[in-house]
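The values are calculated or read from the model by the stated rules, or taken from the named source; none is laboratory data. Bear in mind that the values here come from a model prediction, so they are computed numbers and not experimental data. No Cβ is skipped: glycine too gets one built from the backbone with ideal geometry, and neighbour counts run over all protein chains shown.
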């Protein structure tokens, strides 16, 4: 059994954005000759998360619109009264209450065991951002 931790650097270009990282995750375990085990994908941010969902352009647009309406920006949120980094992002933190910081995907015979329509997304809720980090831990056997 081996463990390996990797770090992916991402860039977001919109306030709310779904970045498909599936191909990058697949490459990581292929490069490590990883055949069986699991991959855990983790966002160390409080305004960016990880989810599994379908990669279909209209659905992605619907998801972005839904999240924007779910908790709209409001300068009156307490967190926005004295923001540490100058960003009025209380709404991003509040949306994050309903999202996951990580997902674990099983791997068998060198394949991610995702459903037929599933992709792995890094979900930016406070963009755009020049640099975001996504941590990936591989655990298994070659």
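Brief remarks on what is shown
- Criterion: touching a residue at least 24 places away in the same chain (Cβ under 8 Å), farther than 17 Å from residue 132 by Cα and part of a strand (DSSP E or B) - qualifying residue of 39, 64: 39
- Residue check, residue 131 within 18 Å of residue 14 (Cβ to Cβ) and touching a residue at least 60 places away in the same chain (Cβ under 8 Å): yes
- Test: residue in segment 51-58 that is modelled with pLDDT of 95 or more, surrounded by 11 or more Cβ atoms within 10 Å (Cβ to Cβ) and outside any strand (DSSP E or B): yes
- For segment 8-27, taking the residues that are over 11 Å from the mean Cα position of the chain (by Cα), crowded, with 17+ Cβ neighbours inside 10 Å and in a helix (DSSP H, G or I), the one that is modelled with the lowest pLDDT is identified as 26.
- Qualifying position, being surrounded by 15 or more Cβ atoms within 10 Å (Cβ to Cβ) and over 28 Å from residue 6 (Cβ atoms), among 134, 125, 112, 88: 88
- Only one entry of 94, 88, 52 meets the criterion of being touching a strand residue (DSSP E or B) at 6+ places or on another chain (Cβ under 7 Å) and in contact (Cβ under 8 Å) with a residue 12 or more places away in the chain, and that entry is 52.
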